[in-house]
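These notes concern the structure reproduced below.
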Amino acid sequence: MALRALSRVGSVSRIVPQLSTASTRGFANFDERERGEERVHFRREEERLLRDLLAKVKKQTDETDKAGADKSKSEELSKLKSIVGKYNMKEADLEELIKWKHAAA
């Protein structure tokens, strides 16, 4: 019976390479998936670190250049008013939105 099955396939050597390549393809896909997840993790981590760095630089710049910080704040406030002006928001709420915009995620 086993001989009949082998005679239909031809030889065992034709079956074995097919099985081995199929099993290694599974590992390749797993490795690719793992590398992809790792890339996503590190990109998110880098983004968080860059946001923290940007917040630190902004804070230092605001402390050293008071006139520039005041000008920048007034420009941001006027741009924000042009966007959300139709909602008649309070000045304190607009300032909170600007703080939120610059807060580290």
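Distance between the modelled labels on L53 and L97, one decimal in nanometres: 3.0 nm (7 Å Cα→Cβ projection).
Of all lysines in the structure, the ones whose alpha carbon falls short of 19 Å from that of K79, not counting any fewer than 8 places away in one chain, are K58, K71, K90, K99, K101.
Coordinate-derived values only; no laboratory data. All values reported here derive from a predicted model rather than from experimental measurement. Note that we place each Cβ from the backbone using ideal geometry, even for glycine, and neighbour counts take in every protein chain shown.
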